[in-house]
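The block underneath contains the structure these notes are about, expressed in structure tokens.
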Amino acid sequence: MMKAQNITSKKWMDLFSYNNVLAMKEDNGKIIAATENGVFYYNISSGEISKLSKASGLHEVKISAFDYDPQSKIALVGYQSGALDVIAPDGVTYIVDIPLATGYTGSKRINHISITGDQAVISVGYGVSIFKLKKREFADSAFFVNAGAFQASNEATIFGNKVYSVTNTGLKSHELNTTFPVFTTWVTEQAGDFKHIDSDGILSYSSTTTTYLYNNGTSNPIAQTFTSVKDLVTGSDNITVTDNNRAYSYSGNGNFIGSASPGEECNTAVRISGKFYFGTALSGIKNENNNGFKPDGPAFNYSYKIRPYNDNQLLLSSGGREGGFNFRLDNERNPGFYYFNGTEWIYPSYFKTKPSKYNVLDALADPADPSIVFFTNYSIWDGMGVYKMKYNPANKDFDFVKYYNINQPNIYINRPVGFVVDDNNNIFLSVAFTVDGLNFGIAPYKRDTDQFLLNVVTLTSSAVQIPVFHEGLLWTPLPRSQHIAAYDYKGTVSTSDDTTYFLGSENNLPANSISVAFDKDGDAWIGTDLGIRILPNAAAEVKNNPTLEAVVIEQNGLAEELFRDSQILAIEVDAGNQKWISVDGGGVYYLSADGERTIKHFTRENSPLPTNSVTDIKVDKKTGKVYFVTYDGVVTYQGDVADVTSNFGNVLVYPNPVVYSQFKGNVTIKGLAEVANIRITDAAGNIVHSAQARTGYYEWDLNNQKGKRVASGIYFVLMTNEDGSDKATAKIAVVN
């Protein structure tokens, strides 16, 4: 099936990493590079860089293969899911129907793509498929089945009228004819374990140690023996081999031309006008002068929690917890945290040079001195504890200041999780697995002694989440206990008189708590493994042994509990008191203030979200921008609710004019007062629509009070706030 739907809009942006370049192609002085989550274009002469991702046209993340044809200007992007994007001058087309071999249950990952003329050969875990670029459809497929077992095509290419595929058992070939799908008719040109092949003018292939030139049935090895070939790229008269982070160039007959290195991990390289350009794993594209070129972004896509602060600055932690909220083991690089200084992303060199495995669950800028950043390392393998760093703007880096081990008797006890700051800039730390691993704790930070003082809370609950401050209490979800804790620190960093209140199953908490947020009414929204509970007037009622409430909605005439049996990963409240809810595996819901109406539902299928499990949501209440954090990267959505107060802000109407042939949705009016009385009149002053908005924005469906669409013309929006002390006006042009 072929899909051409657009799941992006101008409201979305990506905060992806473009450091890890997987493949590159050159077209008339421009390099097109594929990375994990997007494609970018680098113009060598002008230095101009542009990018394309799921936030701006692509349909997925986790790119695994890429090729580009300079003649047709068409690129193919292959994903780990097995889907394809066709990038052409007239737009991006999504292909989801790659042929599956009957009985194949392995990975659908696209291993390699090679375009020749109007067709491409796609390598997958069960063989190869031919894809027609103009028709946007698959032709023949050859399923490599030998003795009942499937064999992967590592890479393949079209040369002449033949397809050549390198596999773990040899170089295979077959003409593009009627017997192409029959694997028993394929010829083994050379036995061996081969990984790479290319054929732009020259046909060349390689094992991990030897590169061969192929000509009319004869294979001749290049004299040099390699250590670990990572990629092979041919041009019209040269071959570039990337080996052990160095690139080597050879003429068409195998004579050595030259070599160079980017001085770091290198995935691929091309030679353009006699110069090497490297596709690195950590720095984007590099040239021979060690200059790097890439779109700005975090060092990696691994992401867990985000903290916006101080006018567009960001701290993004890269750790995570899965499977009972213990350790996340798939984060191989252990990258620490990333910092956005308002202009560019900074990655601390500290994490590049230290061998420790970091699982950074949280990073916090000290509100008393934002140049100081604390981060927690939850990893039990090495260096578990809290670290203090200081930002040095002169060299755009962080200097290590101090390590705090939080009184750890061994590597399994007193694991630091996350920070919270009260309204007096006091910092508190939540600590898991205290006292033989059976309890949790809160550790206030004492500035005068520069120490975290651990106070163990007596409750058999070994794990905690990052706390949330609300009206003098530190609210801490307990993901391994059917409780949530409200820690009363009595307004001081002294722990001698602190008290903790617990809500549990006896209070109608259905399961382990994972997340909590507080709305503008002072109600606590608590996310658990099995849905949501609400505690009205939370700060006062938590001390009175209350009963938590479920949100009940009506579905098809039947009352139903909102998100029953769903794990709630994150909850965030915007300036209009509406709720953003992350459901594990279910994407993100945007709900009305009372939770009874779904305003939007974003998933990886209908939006740029990288996955349907969003680990953190943060709203910048000044701008309305919403940050969605996932293990596969971060995207932002420009919401309509920003800086809502009792008075009007900068009132904006969009789209305006509303041309029916171009737009058939609702007109949005944003920048409203917290309570706004709205009257819409025609040019003669007749009221055609009236309403009251309580969310900071309003959507008009362009219908009059009788439910019929208004005629073409100019309409006036007259608005007052709740007590009539502030007014605003706007115009809307309607063209039917």
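The values are calculated or read from the model by the stated rules, or taken from the named source; none is laboratory data. Since this is a predicted model, take the numbers as computed values, not measurements. Ideal geometry is used to build each Cβ from the backbone, glycine not excepted, and the neighbour counts take in all protein chains shown. Only protein heavy atoms, including side chains, enter the accessible area calculation; ligands, DNA and RNA are left aside. Shrake-Rupley method; radii C 1.70, N 1.55, O 1.52, S 1.80 Å.
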Discussion item. Need the C-alpha centroid separation for the range 667-736 versus the range 560-584, integer Å.
Written reply: 30
Discussion item. Which one, CYS266, PHE300, ALA281, is farthest towards the positive end of the dipole of the range 253-308 when Lys and Arg carry +1 and Asp and Glu -1 on their Cβ?
Written reply: PHE300
Worksheet item: Got a sec to turn the phi values of the range 497-508 into Karplus ³J(HN,Hα) couplings, 6.51 cos²θ - 1.76 cosθ + 1.60 with θ = phi - 60°, whole Hz, x for Gly and Pro?
Response: 10, 6, 10, 10, 9, 10, 10, x, 4, 5, 9, 6
Discussion item. Just to confirm the filter: which trypsin sites (Lys or Arg not before Pro) across the range 677-715 are DSSP coil and have at most 12 other Cβ within 10 angstrom of their Cβ?
Written reply: LYS706, LYS708
Worksheet item: Let a ≥ b ≥ c be the square roots of the eigenvalues of the Cα gyration tensor of the range 242-376; is it rounded (a/c under 1.5), or, if not, prolate (a/b larger than b/c) or oblate?
Response: prolate
Discussion item. What are the ³J(HN,Hα) couplings of the range 127-136, residue after residue, when phi is run through the Karplus curve with 6.51, -1.76, 1.60 and θ = phi - 60°? Round to Hz, x for glycine and proline.
Written reply: x, 9, 9, 9, 10, 8, 5, 5, 7, 6
Worksheet item: Using the Cα atoms as the points, what is the convex hull volume per residue of the chain in Å³?
Response: 200
Fill in: Subset of LYS402/LYS621; LYS390/LYS625; LYS51/LYS600 violating a 30 Å alpha-carbon distance limit
LYS402/LYS621
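Rounded if a/c is under 1.5, else prolate if a/b is larger than b/c, else oblate: which is the range 11-108, with a ≥ b ≥ c the root eigenvalues of its Cα gyration tensor?
Prolate, since a/c reaches 1.5 and a/b exceeds b/c.
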Response to the item:
Per the charge dipole of the range 1-153 (beta-carbon charges, Lys/Arg positive, Asp/Glu negative, Cα centre), the residue among PRO99, LEU15, VAL128 reaching farthest to the positive end is LEU15
Fill in: Residue-normalised accessible area of the chain, expressed per residue, 1.4 Å probe, Å²
41
Worksheet item: Calculated from DSSP H runs of 4 or more alone, at -39500 (n - 2.57) each and per residue, what is the 222 nm mean residue ellipticity of the chain, nearest 500?
Response: 0 deg cm²/dmol
Worksheet, complete the sentence: Cβ-Cβ cut-off under 15 Å around GLY724, Lys and Arg +1, Asp and Glu -1: the net charge is -2
Worksheet item: What size of dipole, in debye to the nearest 20, comes out for the range 89-248 about its Cα centre when the only charges are +1 on Lys and Arg C-beta atoms and -1 on Asp and Glu C-beta atoms?
Response: 280
Item to complete: Holding the Cα-Cα limit at 18 Å, pick out from LYS73/LYS135; LYS25/LYS134; LYS73/LYS172; LYS396/LYS618; LYS30/LYS294 the pairs that are longer than that.
Response: LYS25/LYS134; LYS73/LYS172; LYS396/LYS618
Practice prompt. Please label the shape of the range 442-506 as rounded, prolate or oblate, based on the square roots a ≥ b ≥ c of the eigenvalues of the alpha-carbon gyration tensor (a/c under 1.5 means rounded; beyond that, a/b larger than b/c means prolate, else oblate).
Written response: prolate
Practice prompt. Note down the net charge around GLN80, summing +1 for each Lys or Arg and -1 for each Asp or Glu among other residues with Cβ under 12 Å from its Cβ.
Written response: 0
Discussion item. At 1.4 Å probe size, with the rest of the protein present, what percent of the exposed accessible area of the chain is carbon and sulfur atoms?
Written reply: 46
Worksheet item: Along the charge dipole of the chain, Cβ charges K/R +1 and D/E -1, which of VAL166, ILE553, TYR79 sits furthest on the positive end?
Response: VAL166
Worksheet item: Straight-line reach from LYS162: which aspartates and glutamates have Cα under 17 Å away, leaving out those fewer than 8 places along the same chain?
Response: ASP118, ASP140, GLU175, GLU189, ASP198, ASP200
Worksheet item: When Lys and Arg each count +1 and Asp and Glu each count -1, what net charge do the other residues less than 13 Å away from PRO348, Cβ to Cβ, add up to?
Response: +3
Worksheet, complete the sentence: HN-Hα couplings for the range 671-677 via Karplus (6.51, -1.76, 1.60; θ = phi - 60°), in whole Hz with x for Gly/Pro, come out as x, 7, 5, 4, 10, 10, 8
